[in-house]
Amino acid sequence: MMKLKAENISFSYNKKRPILKDISLSLESNQIIGLIGDSGSGKSTLCKIMAGYITNFTGDVTIDGKEISRNGFDPVQLIFQHPEKTMNPKWKMEKVLRESWIPPQDLKDTFGLKDNWLTRWPSELSGGELQRFSILRALNPQTKFIIADEISTMLDAVTQVQIWEALIKHCRANDIGILAVSHDKDLLDVICDDILYFKELNHL
Amino acid sequence: MGKLLEVNNLSISFTQYVQGLNRHDLKVISDLSIDIDESEIVAVLGSSGSGKSLLAHTILGILPYNAHVTGDVNFKGQILDQEKKEKIRGKEICLIPQSVNFLDPLMKVSQQAVGECKDDNERKEKEKRQREVFAKYGLDESVDDLYPFELSGGMARKVLLSTALLNDPDLLIADEPTPGLDAKSVEETIQDIRSLKEHGKGVLLITHEIDVALRTADRIAIFYSGYVIEINKVENFLNSENLLHPYTKALVDALPKNGFKLTEGVQPLEDVPGCPYYENCPIRLDKCQNNKPELIEHDGIMIRCFNFKETGSEEVVSEETGSEDVVSEEVVSEETGSEDVVSEEDNNEEEINDEA
């Protein structure tokens with residue numbers, strides 16, 4: 001079991017207006033933790049810091065007390081709200097997936113990935129279909145933690161269940177921790193072991 | 001008195017070029033019929049990418065040039081052609097666009113809301129009205145001179161809403177007004193939409209969030225793979241047993257607070273010869289694979305499924321199909337009947353437990 005820890009994270013885009021102050025949270029690899037907060041409060045910024053997209057912050061992000069190497073494959077993977085914005089529009093889906101790894105057939109089946117989708121361009125698939133790719137792409141065997149930033153906000157209820165069931169099943173079986181960020185309290189109540197309130201974490 | 005808006009048998013396809021000069025027609029909406037009355041809110045509910053926004057864009061005449069549209073749109077009893085659409089959009093029909101990206105980044109928000117004016121008098125009048133509407137939505141005078149990038153997501157949404165309401169339209173089309181907003185802003189938007197209804201306006205609410213639809217709409221139309229598969233009264237959505245189409249049931253049961261029930265299956269990528277839900281349907285018949293059901297009225301509910309028989313104003317159903325349908329209906333009612341028995345038993349058990 002591993003532990004992802006963020007300690008005393010502070011960050012501001014604009015010096016006059018700090019957005020994160022002294023945020024600390026931790027997540028174990030057998031846990032699913034929910035994070036809920038108002039729009040514009042800085043949840044996504046925190047996600048980007050923890051997944052290594054933003055580096056000029058103060059504080060520490062560690063796994064088992066060790067700094068995370070940002071060279072090579074990052075064990076903390078971020079999944080975004082809008083999958084269409086995270087894929088090269090000039091790559092077919094097969095290449096989009098292969099950029100990370102080639103998942104086994106049974107995992108593709110769990111996520112309901114149809115073979116004829118692989119030869120399509122990203123613009124030819126719906127948001128729900130693309131989100132399945134973007135999750136599967138993040139489940140490379142080297143991944144230890146998933147940060148899911150509003151991954152089902154744009155999806156209908158049926159697809160939302162399908163995607164979460166598949167993701168949770170895989171993560172429980174492979175000891176991968178999930179930080180689930182959402183506005184939807186009802187959803188977090190169902191899928192999470194524990195829920196954190198962003199307001200209480202942020203010491204602004 | 002006619003309906004405020006009537007859309008009849010609307011189909012939209014896009015012409016695409018695949019590999020050089022080979023053209024391909026991509027069908028995105030098929031045979032869509034929907035109507036809205038004054039003082040009525042109709043929600044269109046469907047997954048992302050199912051073509052909901054295109055309906056709004058058709059009514060306003062802002063589809064891209066490669067779109068091919070058949071069917072007609074009636075507004076206050078008149079057929080809308082492109083010329084007429086251009087004349088009344090922004091005046092009698094207004095749109096709250098899906099994304100805040102629709103704001104002009106180089107223009108102050110008050111100017112955008114006021115829009116084009118013929119002369120100074122008109123400008124003064126519109127500016128006064130703009131101030132009133134902004135104030136109503138809690139945007140104070142300091143907001144007038146801001147540029148879109150200086151607004152928070154919620155404020156930008158309010159600007160879009162005020163802009164749409166500035167001209168006091170008879171029909172408002174709200175295209176996904178809520179996703180990504182926190183609970184408080186969602187609540188405000190819901191209140192705004194409801195208050196329009198009280199003022200005698202019609203609202204077409206396009207969304208994928210069932211909760212928002214349930215709390216505002218009078219009727220809800222379910223979109224699946226470019227087809228309207230069911231139009232039902234909002235009360236019936238409180239209990240999935242009152243819904244007819246299996247996909248609609250699955251949608252309601254999949255809500256986190258209704259059990260988060262898993263239903264397998266995805267939408268077909270391309271138009272199929274039979275029912276679009278055939279592959280995933282638990283109550284499919286043999287004929288569903290190669291025949292498309294029509295949207296019919298069954299006990300006041302519009303449904304696209306062979307398991308239900310047409311009722312209502314036109315009672316004349318041909319004998320043969322009538323008898324076939326009766327059989328299938330009996331099967332359905334038997335099934336639901338047995339379920340009822342089970343649930344009664346459950347109740348009994350509970351009662352016994354309570355007594356114990």
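The values are calculated or read from the model by the stated rules, or taken from the named source; none is laboratory data. Just so you know, these numbers come straight off a predicted model, no measurement behind them. Every residue, glycine among them, receives a Cβ derived from its backbone with ideal geometry; neighbour counts consider all protein chains shown. Just so you know, the surface numbers come from the protein's heavy atoms only, side chains and all, with ligands and any DNA or RNA stripped out. Shrake-Rupley method; radii C 1.70, N 1.55, O 1.52, S 1.80 Å.
Taking B:T58, B:T216, B:T311 in turn, the Gaussian network model of chain B (Cα-Cα springs below 10 Å) assigns the largest fluctuation to B:T311. Our summary of shape: the Cα atoms of the stretch A:75-126 have principal axis extents of 29, 27, 18 Å, ordered from largest down, in whole angstrom. Computed over chain B with a Gaussian network model linking Cα atoms closer than 10 Å, the most mobile of B:I36, B:I88, B:I229 is B:I88.
Across chain B, the relative contact order, built from alpha-carbon pairs under 8 Å that are at least six residues apart, equals 17 percent. Build a GNM of chain B with springs between Cα atoms under 10 Å apart, and of B:L196, B:L161, B:L255 the one that fluctuates most is B:L255. Loop-located GluC sites (Glu not before Pro) in the stretch A:9-99 (DSSP state not H, G, I, E or B) with no more than 13 neighbouring Cβ atoms inside 10 Å: A:E99.
Taking 37 °C and 0.692 mPa s as the conditions, I'd like the Stokes-Einstein D for chain B in µm²/s, using the Kirkwood hydrodynamic radius from alpha carbon pairs. Approximately 145 µm²/s, per Stokes-Einstein. Annotation note: chymotrypsin sites (Phe, Trp or Tyr not before Pro) in the stretch A:1-78 located in DSSP loop regions with a Cβ neighbour count of at most 16 within 10 Å are A:Y13, A:Y53, A:F73. By its C-alpha gyration tensor, with a ≥ b ≥ c as the square roots of the eigenvalues, how is the stretch B:11-110 shaped: rounded for a/c under 1.5, else prolate for a/b larger than b/c, else oblate? Note, shape of the stretch B:11-110 comes out oblate.
Please work out the C-alpha center-to-center distance from the stretch A:139-204 to the stretch B:176-230 and express it in whole Å. Cα centres, the stretch A:139-204 to the stretch B:176-230: 26 Å. The A-B contact accounts for roughly 2400 square angstrom of buried accessible surface, both chains included, probe 1.4 angstrom. At a 1.4 Å probe radius, carbon and sulfur cover how many percent of the accessible area of the protein assembly as shown? C and S fraction of accessible area: 48 percent. Only DSSP H runs of four or more residues enter the estimate; each adds -39500 (n - 2.57), and after division by the residues of the protein assembly as shown the mean residue ellipticity at 222 nm equals -10000 deg cm²/dmol. Please state the shape class of the stretch B:99-168: rounded when a/c is under 1.5, otherwise prolate if a/b exceeds b/c and oblate if not, all from the C-alpha gyration tensor. Cα axes put the stretch B:99-168 in the prolate bin. Seen through its C-alpha gyration tensor, with square-root eigenvalues sorted a ≥ b ≥ c, the protein assembly as shown comes out oblate because a/c lies at 1.5 or above while a/b is not bigger than b/c.
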